[in-house]
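Please read the structure below before turning to the comments.
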Amino acid sequence: GAAMAAVREVEIDPDGTFKYILVRLQRPGGEEQRDIVRGTKAAEFHNHIFEKVNPEMEKLGYECKCLGGGKIDHNSKDKKIRVFGLSTGYGKADHSVTVEILKKVYTDYEITWSDDKK
């Protein structure tokens, strides 16, 4: 299977406010794991994102587990990302973990999180 490092840590829309999920990848029976962030305006519900990610990752030989969700407000013009909210189905992701992952990719952004609903 593909190396875990080859899986992009973050795939989110370039602008707007949208739902996101935090997903843990693991090799069946393996120790290695990786958390990835996926978010898009195309998803009306959080499970729509998972239903897209899961088969893609299974093809690469990973088991996926959704660790929760929330919303991302992405302003690429001002280089700001705000992580907030929760997923009704999956519960709230640990936004502090999400922020750390986002910081690896959006290195020159101001990235914040809160437990606010809006």
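At-a-glance table
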| read-out | value |
| --- | --- |
| Residue count, segment 12-66 (criterion: over 24 Å from GLY85 (Cβ atoms), among the acidic types (Asp, Glu) and without any contact (Cβ under 8 Å) to a residue 24 or more places away in the chain) | 3 |
| Segment 103-118: number of residues that are aliphatic (A, V, I, L, M) and either in a helix (DSSP H, G or I) or surrounded by fewer than 16 Cβ atoms within 10 Å (Cβ to Cβ) (or both) | 1 |
| Selection count, segment 16-50, where residues are under 16 Å from GLY70 (Cα atoms) and either charged (D, E, K, R) or open to solvent by less than 50 Å² (accessible area, probe 1.4 Å) (or both) | 20 |
| Residue within segment 91-102 that is touching an Asp or Glu at 6+ places or on another chain (Cβ under 6 Å) and open to solvent by 30 Å² or more (accessible area, probe 1.4 Å) present | no |
| Check on ARG82, part of a strand (DSSP E or B), open to solvent by 30 Å² or more (accessible area, probe 1.4 Å) and touching a Lys or Arg at 6+ places or on another chain (Cβ under 9 Å) | yes |
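The values are calculated or read from the model by the stated rules, or taken from the named source; none is laboratory data. Because the structure is predicted, anything quoted here is derived from the model rather than measured. Virtual Cβ from ideal backbone geometry, glycine too; neighbours counted across all protein chains shown. The accessibility values were calculated without ligands, DNA or RNA, using every heavy atom of the protein model including side chains. Shrake-Rupley method; radii C 1.70, N 1.55, O 1.52, S 1.80 Å.
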